[in-house]
Amino acid sequence: MYRRFSSLRERRCPQCGVLMESRGVTPKVRAEFCPECEGAWFDHGELKELLSGRITERFGKHSLETASPTDMACPDCAEPLLRRDLFLKSGVMINQCRRCSGSFVDNGNRARLKILAIALAAQRPPAGGAAGSA
Ligand SMILES: [Zn+2]
Ligand SMILES: [Zn+2]
């Protein structure tokens with residue numbers, strides 16, 4: 001995994017405005033965590049990686065229609081973040097930037113995200129491409 005330049009920049013929590021700290025979530029995924037509210041910022045691609053590639057992070061028609069505005073702004077683009085369901089009825093609400101597709105996940109939803117990630121990892125389909133899993 002290469003590290004994009006943007007992930008080396010300092011970011012401030014969209015909720016509290018304090019500097020976030022980079023921390024590993026899994027061996028492959030690092031996120032920025034807020035020491036105040038324990039919310040986390042995920043770059044585009046990181047949520048997908050966390051969820052075994054089972055989601056798409058870009059805004060689709062449905063997610064745009066159901067998204068609601070927030071008073072938070074993207075730490076990278078300063079675009080207002082939109083609150084939406086991670087995917088239909090996932091129960092995990094994310095606050096996402098339309099421009100860079102980065103997402104802020106608050107502490108409560110981060111706990112739900114973790115449960116979802118474990119569930120999806122356990123459900124990995126046995127279909128083609130699962131070479132070397134034996
Ligand atoms: Zn915060
Ligand atoms: Zn952004």
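Sorted from fewest to most neighbouring beta carbons within 10 Å, what does the list F33, F59, F42 look like?
Details: F33 19, F59 16, F42 25.
Taking fewest neighbouring Cβ atoms as first place, the list is F59, F33, F42.
Against the main long axis of the alpha-carbon atoms of the chain, helix 107-122 sits at an angle near 10°. Protection proxy ranking of 19-26, 101-108, 88-95, by the mean of other Cβ atoms within 10 Å over each peptide's residues and highest first, is 101-108, 88-95, 19-26. In straight-distance terms, cross-link reach from K61 covers every one of the lysines whose alpha-carbon lies under 16 Å from its own, apart from those fewer than eight places away in the same chain; here that gives K89.
Run the numbers on the range 7-120 and let me know its relative contact order in percent, using alpha-carbon pairs under 8 Å that are six or more apart. The partial results should precede the final answer.
Working: 205 pairs, mean separation 25.7, N = 114.
Reported as a whole number, the value is 23 percent.
Scanning residues 5 or more positions from R83 or on other chains, those with amide H under 5 Å from its amide H are S68, T70, Q96, with H placed 1.01 Å from N in the peptide plane.
Only the coordinates and a few stated rules stand behind these numbers; no lab work does. Computed from a predicted structure; not experimentally measured. Every residue, glycine among them, receives a Cβ derived from its backbone with ideal geometry; neighbour counts consider all protein chains shown.
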